[in-house]
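Contents: one structure, followed by commentary.
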Amino acid sequence: MAKSKKNPLRWVRLDNAAKIYPAAMRKNWSNIYRQSMTLYEEIDTVVLKSALEVTVKRFPSIAARLRRGAFWFYLQQVEAAPEIQEEKSHPLCYMSEKEMSKYAFRVIAYRNRIAVEFFHSLTDGTGALIFLKNLVAEYLEQKHNISIPFEQGIIDRRVPPKSEELEDSFLKYAGRVPASRRDTNAWRVPGEKEPEGFIHVTCFKADVDSAIALAHKYGCTLTVFFSAVMMQALMNYQKELNPNTAKHKPIKLLIPINLRTLFKSETLRNFAMFTVPEIDARLGEYSFEEICKAVYHKMGYELTQKHMSAVIAKNVNDEKNILLRLVPLPLKNIVMKAVFDRSGERKSCLSMSNLGVVRLPEIMQKYVSRVDFILGVQATAPYNCGFLSYNGKVYINLTRNIRDAGLERHFFEILRDMGLEVTVESNRN
Amino acid sequence: MYCVKCGVKLEDTEKICPLCETEVYHPIVKQEQVPPNYPPDKRPPAKKKTKIINGVVLFLIFIPLLTSLISDLQPDGAINWFGYVAGALTLAYIAFGLPMWFKRPNPAIFVPCFFAATVAYLKYIDFVTDGDWFLSFAFPAAMYFCLIISTLATLLFYLKRGKLYIWGGFVIALGFFFPLIELLLSLTFDLRFIGWSAYPFVVFGLLGGVLIYLAANRFARDAVQRRLFF
Ligand SMILES: [Zn+2]
């Protein structure tokens, strides 16, 4: 964090993971995601704006805009809160670089729902949730004259941010030995694209206790369980489209791992890594138990401090290379975009991002009926999936930018055959 | 409310099943009026772009048509060769331009259409050149070709499996084409029937037989795939 006299606004370098996202942007796609809380009452946008003003000051690295330097992009704190926006027919409308140069996030109010859409360079899902929690807490305090205790991620919004919150934990926790990795391309779900960037959101809701009971039956956690269901759905769908399994492409998921607990970091910036479990139908038929095991063991092996610091080291080493750093930004963008297109998301069918159990202070729970986590679709592949649990329910939000809901149908059929009752809703009407 | 088609339990906000696009309907239970999760989708229902492009293509065909008509009329004021040009262009348009108007053109309709146009074109040439080969040669040959191509296209269009069987059958049917041609040629043009058509007939028959054998025998198919993959 630097603070000059001429320009009192804070600015930060992009953290190690954030650097790729501006470079990967294209004409009608950027990496954005949404988190929302739905209240039991209609949103008062005047109060929300005033709550946003307070929240924006407390989170200078999240409430920021994206700017171009000579060598790197950087984030700059915004002076004032953006206007509250109206909801469109679908979430996560395209966010252009021009828009991001003013605000790299949006706050949208619709009926009972407060939604915030973030450009991924600002922070990851965990950081974003803290921002949203505090925005809603501030809103409720102002609206209902209540006092919400500083617990479950709610912090004092009247004190300046701590330096731990602003640190780039990647740099801090990079190991000495970098990991190496080579991957094959994953299957890409085919389909005809919706015009005008329309995104379908299909939300599966289930009882969290029944889901956990089912997961335990297969000896795994909720993340592993739903990831395995998704992989099975992808496999079944690929088989429906092409019965000849000898010609199948591997099924892979990108599962983000929150590194804060692993490294005891308090940062509010990006601090997540991925694990990429894989099944390959060419090797033979997989039972659901085998898929669970494939995910479970892959995560168990990689989710260690040693492995993760080696992976971080590899990424950080690239960033530290002095020659690379001296390349002017436009040139760097071309190179980084090429790297992104060749690796990155081609190596997985979709992300399966679990935000975990969302806990709120008791007094806040009385006002908040549900919480959602919606990922934008990938740059070139049509699907993505974010999920979380709140107040006894799991909310699984699948997004797609193609017409046919084939994957959703298979996902549902697997859960139905296992006996898990789900309720479905969408943004179609 | 549950979807009547796929059986998924739907939230009251849903008017169309998000999974299978079936309209939500129950004869007895009235659906509660619940406001939707998002504002309505205001995009125009269908895209008109392809229609415009197809219109432009159709228009562009008229330009060579018109210029050739003018240049044909130029020397003697009569139509000499314009009919061939017009026929060929129409044929090309029926083959490639016409199906473009449809989102998923059905070959069971378009392939016979194309052959009907071809037959008409051949009849025209036969008429203009005073040939005597239409009824005894061109028509039956074109009809046979139309039949097997239409069958192939229709089967490939509707059936998802058994492609090897379909192709095998097609190749064998193609084999029968040669004796037919030789017979028709000898009838129309008074050529001697020497039986040259037996060779392609046998070759095509064997090839088709191999395809059907591969379709039936998974192990043989695997072995061939293993050796010939690229
Ligand atoms: Zn349905």
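Summary table
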item: Anchor A:Lys393: aspartates and glutamates whose Cα lies under 13 Å away (excluding residues fewer than 8 positions away in-chain); result: A:Asp207, A:Asp209, A:Asp372, A:Glu421
item: B:Ser71 paired with A:Asp417, simple spin-label distance in nm, labels 7 Å along Cα-to-beta-carbon; result: 6.5
item: Ratio of Rg to Rh over the protein assembly as shown (Cα coordinates, Kirkwood Rh, two decimals); result: 1.09
item: Net charge of Cβ neighbours under 15 Å - reference B:Gly131; Lys, Arg +1; Asp, Glu -1; result: -3
item: Per-residue mean of C-beta atoms belonging to partner chains within 10 Å, peptide B:18-26; result: 4
item: Most to least packed among A:128-136, A:270-278 [average Cβ atoms within 10 Å]; result: A:128-136, A:270-278
item: Within a Gaussian network of chain B (alpha carbon springs, distance under 10 Å), most fluctuating of B:Pro36, B:Pro75, B:Pro44; result: B:Pro36
item: Whole-number percent relative contact order across chain B, with pairs defined as alpha carbons under 8 Å at least 6 apart; result: 11
item: Shielding score for B:2-13, defined as the mean number of other chain Cβ atoms within 10 Å; result: 4
item: Distance in nm between pseudo-label sites at A:Glu83 and A:Arg359 (7 Å out along the Cβ direction from Cα); result: 4.0
item: Sparsely packed GluC sites (Glu not before Pro) within segment A:107-213, loop by DSSP, other Cβ within 10 Å at most 12; result: A:Glu151, A:Glu192
item: Extension gain (nm, one decimal) between B:Leu60 and B:Val202, 0.36 nm per residue minus Cα-Cα; result: 46.5 nm
item: GNM top mover of B:Thr129, B:Thr151, B:Thr13 - chain B, alpha-carbon springs below 10 Å; result: B:Thr13
item: Residue with peak Gaussian network fluctuation, chain A [Cα springs, cutoff 10 Å], from A:Ser389, A:Ser163, A:Ser121; result: A:Ser163
item: Whole-Hz couplings from phi, Karplus 6.51/-1.76/1.60, listed for segment B:142-148; x for Gly and Pro; result: 5, 5, 4, 4, 4, 4, 6
item: Loop-exposed trypsin sites (Lys or Arg not before Pro) per DSSP, neighbour cap 11 Cβ within 10 angstrom, longest uninterrupted part of chain B; result: B:104-159
item: Net length gained if the chain between B:Leu187 and B:Cys20 were fully extended (0.36 nm per residue, minus Cα distance); result: 54.3 nm
item: MRE, 222 nm, helices only [DSSP H, n ≥ 4, -39500 (n - 2.57), over chain A, to nearest 500]; result: -10500 deg cm²/dmol
item: Net lengthening on full extension, B:Thr50/B:Lys103 (0.36 nm per residue, minus Cα-Cα); result: 18.1 nm
item: Built amide H within the under 5 Å cut-off of B:Thr22, gap 5+; result: B:Cys17
item: Loop-resident sites, segment A:330-429, for trypsin sites (Lys or Arg not before Pro), counting at most 11 other Cβ within 10 Å (DSSP); result: none
item: Phi to ³J(HN,Hα) by Karplus 6.51 cos²θ - 1.76 cosθ + 1.60 over segment B:196-206, Hz, x for Gly, Pro; result: 4, 5, 5, 5, x, 4, 5, 4, 5, x, 5
item: Trypsin sites (Lys or Arg not before Pro) restricted to segment A:1-95 and DSSP loop, no more than 15 other C-beta within 10 Å; result: A:Lys3, A:Lys5, A:Lys6, A:Lys27
item: Residue pairs, from the table A:Lys133/B:Lys5; A:Lys252/A:Lys306; A:Lys27/B:Lys51, whose Cα atoms sit over 29 Å apart; result: A:Lys133/B:Lys5
item: Test item: A:415-428 mean partner chain Cβ contacts at 10 Å; result: 5
item: Amide proton proximity set for A:Tyr383, modelled H, under 5 Å, gap of 5+; result: A:Gln378
item: Carbon plus sulfur fraction of accessible area for chain B, probe 1.4 Å, in percent; result: 72
item: Other-chain or far-sequence residues with amide H under 5 Å of A:Asp124's (modelled H); result: A:Asn270, A:Phe271
item: Using θ = phi - 60° and Karplus 6.51 cos²θ - 1.76 cosθ + 1.60, couplings along segment A:359-366 (whole Hz; Gly, Pro as x); result: 10, 10, x, 3, 5, 6, 4, 5
item: Nearest-0.05 FRET efficiency for B:Lys42 and B:Ala92, computed from C-beta distance (R0 35 Å); result: 0.30
item: Carbon/sulfur fraction of accessible area - segment A:11-167, other protein chains in place, 1.4 Å, %; result: 50
item: Where chain B is the region considered: accessible area per residue in Å², 1.4 Å probe; result: 67
item: Ranked order, B:Trp133, A:Trp11 - accessible area, probe 1.4 Å, largest first; result: A:Trp11, B:Trp133
item: B versus A: buried accessible surface, summed, Å² (probe 1.4 Å, to nearest 100); result: 2800
item: Cβ-based net charge around A:Glu151, under 12 Å, with every Lys or Arg adding one and every Asp or Glu removing one; result: 0
item: Over segment A:11-167, relative contact order from alpha-carbon pairs under 8 Å, at least 6 apart, %; result: 32
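The values are calculated or read from the model by the stated rules, or taken from the named source; none is laboratory data. This is a predicted model, so every value here is computed, not measured. Cβ atoms come from the backbone with ideal geometry, glycine included; neighbour counts cover every protein chain shown. We work out accessible area using only protein heavy atoms, side chains counted, and drop any ligands, DNA or RNA first. Shrake-Rupley method; radii C 1.70, N 1.55, O 1.52, S 1.80 Å.
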